[in-house]
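Below you'll find the structure I mean.
Nothing in this text is a laboratory measurement; each read-out follows from the coordinates by a stated rule. Here the structure is a predicted model, which means the values were calculated and not measured. All Cβ positions, glycine included, derive from the backbone under ideal geometry; neighbour counts span all protein chains shown.
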Amino acid sequence: MERKRRRLATPWAAGVAGTVFAILTATAIVLVRLAVPTGVDGGEATVDAGQRSAVRTALELIPFAGIAFLWFMGALREQAGQREDKFVATVFLGSGLVFVAMLFGAAAAASSVLDEDGQGSAFGRDIAYGLLTTYAMRMAAVFVMTTSTIGHRLGIIPRPLTVFGYLAGLTLLVVGANVPWSELVFPAWVLVLSLNALWGRRSAASPTAASS
């Protein structure tokens, strides 16, 4: 009975953590994009107090987003259990950890726009956008595709969501920094996967409650 309860609780943990990560990360990306619209090729730009406040809010959200993502990743691994392919599971774990490291690095570089004189560092902005759109999103693409592969093999993720995962992964891998706002594809995929986990747990819990 206890084992069955734990199986029901794991998708709930993944769903909640993934939803929190998706909302916090998407909010942070939107705030930074609106406050510092210049991308990797941008030059010096004056940043007013409102823009600095938006960036500061985004930077405060990033650590909590990273924690939620680690929780999300751990819950997904728990669902796979001992049945997971060791090679794919290693790539899954490594890409997730590197993604969090790149996300934190981009946040640290983005703090350069918080200078009180209003002149944000172009170098710092370039590093932030480079880490986020080029490196973090490539790791996110690998994470999406390995998660989709594991989920499909174990029957955890339905086929339409698996196809969506591969398309999202290819988009993040190929598009990268070439298309602004494309980084929102990753939190969107995490949100869809999380909602599917929550809905699946609800459907699984209903027969259990009825039998009890």
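With r defined as the distance between the Cβ atoms of LEU184 and ALA49 and R0 fixed at 25 Å, what FRET efficiency is calculated, to the nearest 0.05?
Values: r = 26 Å, r/R0 = 1.04.
The formula returns an efficiency of 0.45 here.
Using a Förster distance of 35 angstrom, determine the FRET efficiency expected from the C-beta separation of ARG56 and VAL174, and round it to 0.05. Walk me through the numbers before you get to the answer.
Details: r = 33 Å, r/R0 = 0.93.
Computed FRET efficiency for ARG56 and VAL174: 0.60.
From the phi angles alone, apply the Karplus equation (6.51, -1.76, 1.60; θ = phi - 60°) to the range 156-169 and give each ³J(HN,Hα) in whole Hz, x where the residue is Gly or Pro.
7, 9, x, 4, x, 6, 5, 4, 4, x, 5, 5, 5, x
Apply the Karplus curve 6.51 cos²θ - 1.76 cosθ + 1.60, θ = phi - 60°, to the phi angles in the range 126-143 and return the couplings in whole Hz, x for Gly and Pro.
These are the phi-based 3J(HN,Hα) values: 4, 5, 4, 5, x, 5, 6, 7, 9, 8, 4, 6, 5, 5, 4, 4, 5, 4 Hz.
How far apart, in nanometres, would the label points at TRP199 and ARG153 be if each is projected 7 angstrom from Cα along the Cα-to-Cβ direction?
Distance between the two pseudo-spin positions: 2.6 nm.
Once phi is turned into θ = phi - 60°, what whole-Hz ³J(HN,Hα) does the Karplus curve with 6.51, -1.76 and 1.60 give for every residue of the range 182-192, x standing for Gly and Pro?
5, 5, 6, 4, 5, x, 5, 5, 4, 5, 4
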